[in-house]
Amino acid sequence: MPHVLAGILDVGDICPRSPHASMALVGPSARGGQKGPCQPRTKEGPMARLSPKSFNVAGPCVPGEHYMLPAIERVPADIGNLMATKSYFVLHAHRQSGKTTAIMSLADKINEENKYYALYCNLESLEKIPNSFSSTPLVMEIIIQAMIGSGIKNLINICKSVSVFNPENPSGLTGSGKIPDDGYITITNSISSPLQTICQKLDKPLLIFMDEIDTLPGDVLVSCLSQLRDGYIQRDEVPFPRSIALVGLRNIRDYKARIRPDSESLGASSPFNIITEAFTLANFSQEDVRELYGQHTEETGQAFEDGAVEQAMFWTDGQPWLVNALAHDVIVRQMGRDFTRPITGDHVDLAADRLKIEMNVHIDSLMARPQEPREKVSWSPS
């Protein structure tokens, strides 16, 4: 992401300066004449102020509610091959880049095709749990909750009958000291064992997308990945998820660096060596921005002039949240949803100045991770 936020924040120590840095630092540019707007269809009357869709600036995009590009098209094509070959992989990208929207769309598409069960689960709520191996069973609780909330009947019925770790019986044995019929569950197999049981009972292979996995505290993350590795190694004998995607901010190499300093080892059986490939999501191109903004034109008749698209690209480098945030500011705050006036580059510049001054919480979030030394590596172009 070489120029994201160049011109909105002074972040030269984090990402390279925009080629127009001097212009960016003093505010709106003194550009030449604007190109003409696209030719929209028009809407007249009081209903011109109303639009059923908006530019999303909070959370995943929802079809029918937000202007959005086809999320599934942003998913790297090779991911389908990796799932077909039973591979585990990483999908990493900076915050507010559309990761969640993309993988949720992919999971929906997979379930519609009816060849696999695809499960999306978000682990972000576990970010503040104690950094102890004893917290590991909470990961399986999130997976179970995701299954129950998935709406997939087979997953719901099976996971309700699966034994999970019981903190009141950490040995996992019966009262008589015997091993239960479905095996005993301790902290060390609190994820792998229930997943094996679930996969044994399912009539189709299971794929899991584990979003925000790198928010897990270090010891919990090591324990989680170690158990996934154990299940991966044994899956020819005991069924286990066919493919697992680790989704987050970091590439796999940065997981290890965050958990252990370079001088320390995670041992010969590294939990990181089962990952086949790592992918990231690209920012929007200028044509993508034009297409996204064009959806608003088609919906309302309000034109984005070519200069508006160009300035949006300059300020954002195509970072998805920023592209949406600029349009949202112009349409809602500057124009009060008056769709009768075209949107110019000057409007976009004013929106960018506002974001720069307000230091919106999303921008704080975008900048927080890159300030970590290891994160600079994964944000740099390869």
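The values are calculated or read from the model by the stated rules, or taken from the named source; none is laboratory data. Just so it is clear, the model here is predicted, and its values are computed rather than measured. Heads up, the Cβs are rebuilt from the backbone with ideal geometry, glycines too, and the neighbour counts pull from every protein chain shown.
Given the criterion at positive phi, in a loop (DSSP other than H, G, I, E, B), at pLDDT 60 or above and not assigned by TED's automatic domain parsing to the domain that holds ILE252, identify the matching residue among ARG337, ARG341.
Values: ARG341 fails: at positive phi.
Exactly one residue qualifies, and that residue is ARG337.
If you check ARG341 against the conditions, is it touching a residue at least 24 places away in the same chain (Cβ under 8 Å), more than 30 Å from ASN81 (Cα to Cα) and in contact with a Lys or Arg (Cβ under 9 Å, 6 or more places away or on another chain)?
Values: touching a residue at least 24 places away in the same chain (Cβ under 8 Å): yes; more than 30 Å from ASN81 (Cα to Cα): yes; in contact with a Lys or Arg (Cβ under 9 Å, 6 or more places away or on another chain): no.
For ARG341, the condition - touching a residue at least 24 places away in the same chain (Cβ under 8 Å), more than 30 Å from ASN81 (Cα to Cα) and in contact with a Lys or Arg (Cβ under 9 Å, 6 or more places away or on another chain) - is not met.
Restricting the search to the stretch 229-247, which residues are crowded, with 23+ Cβ neighbours inside 10 Å, touching a strand residue (DSSP E or B) at 6+ places or on another chain (Cβ under 7 Å) and under 17 Å from THR197 (Cβ atoms)?
Once the filter is applied, which keeps residues that are crowded, with 23+ Cβ neighbours inside 10 Å, touching a strand residue (DSSP E or B) at 6+ places or on another chain (Cβ under 7 Å) and under 17 Å from THR197 (Cβ atoms), the stretch 229-247 yields PRO241, ILE244.
Considering only the stretch 289-322, how many residues are under 15 Å from LYS53 (Cβ atoms) and part of a helix (DSSP H, G or I)? It would help to see each step written out before you state the result.
At the first step, the residues of the stretch 289-322 found to be under 15 Å from LYS53 (Cβ atoms) are 291-302, 304.
Checking which are part of a helix (DSSP H, G or I) leaves us with 291-300.
Number of matching residues: 10.
Please enumerate the residues belonging to the stretch 315-334 that are under 22 Å from the mean Cα position of the chain (by Cα), at pLDDT 95 or above and of a type in the set (S, T, N, Q).
Residue satisfying the conditions is ASN324 alone.
Report whether or not ARG260 is within 21 Å of the chain's Cα centre (by Cα) and at pLDDT below 90. I'd like the intermediate steps shown before the answer.
Values: within 21 Å of the chain's Cα centre (by Cα): no; at pLDDT below 90: yes.
No, not satisfied.
Checking PRO205 against (1) at pLDDT below 90; (2) surrounded by fewer than 18 Cβ atoms within 10 Å (Cβ to Cβ), which test does it fail?
All conditions are met except number (1).
Name every residue in the stretch 192-225 that is part of a helix (DSSP H, G or I) and over 23 Å from the mean Cα position of the chain (by Cα), in order of residue number.
Selection gives SER192, SER193, PRO194, LEU195, GLN196, THR197, ILE198, CYS199, GLN200, LYS201.
Go through the stretch 107-149 and count every residue that is among the small types (Gly, Ala, Ser) and in contact with a strand residue (DSSP E or B) (Cβ under 6 Å, 6 or more places away or on another chain). So that I can check it myself, show each step before the final result.
Step one: filter the stretch 107-149 for residues among the small types (Gly, Ala, Ser), giving 107, 118, 125, 132, 134-135, 146, 149.
Subsequent filtering for residues that are in contact with a strand residue (DSSP E or B) (Cβ under 6 Å, 6 or more places away or on another chain) retains 107, 118, 146.
Qualifying residue count for the region: 3.
Rundown of residues vs (1) in a loop (DSSP other than H, G, I, E, B); (2) at pLDDT below 90; (3) over 30 Å from the mean Cα position of the chain (by Cα), yes/no style:
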| site | (1), (2), (3) |
| --- | --- |
| SER29 | yes, yes, yes |
| GLN39 | yes, yes, yes |
| LYS43 | yes, yes, yes |
| SER51 | yes, yes, no |
| ALA58 | yes, yes, no |
| ILE72 | no, yes, no |
| MET104 | no, no, no |
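Looking only at the stretch 117-175, which residues are at pLDDT 95 or above, among the aromatic types (Phe, Trp, Tyr) and closer than 18 Å to GLN227 by Cβ?
If the condition is that a residue be at pLDDT 95 or above, among the aromatic types (Phe, Trp, Tyr) and closer than 18 Å to GLN227 by Cβ, then no residue fits.
Let's see how each residue does on (1) modelled with pLDDT under 95; (2) within 25 Å of GLN96 (Cβ to Cβ); (3) of a type outside the set (S, T, N, Q); (4) assigned by TED's automatic domain parsing to the domain that holds ASP254:
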| position | (1), (2), (3), (4) |
| --- | --- |
| SER193 | yes, no, no, yes |
| PHE209 | no, yes, yes, yes |
| ASP214 | yes, yes, yes, yes |
| PRO217 | yes, yes, yes, yes |
| SER226 | yes, no, no, yes |
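For the stretch 74-91, what are the residues that are in a strand (DSSP E or B) and either within 22 Å of ALA58 (Cβ to Cβ) or aliphatic (A, V, I, L, M) (or both)?
Looking only at the stretch 74-91, we keep the residues that are in a strand (DSSP E or B), and these are 88-91.
Residues satisfying the conditions are VAL90, LEU91.
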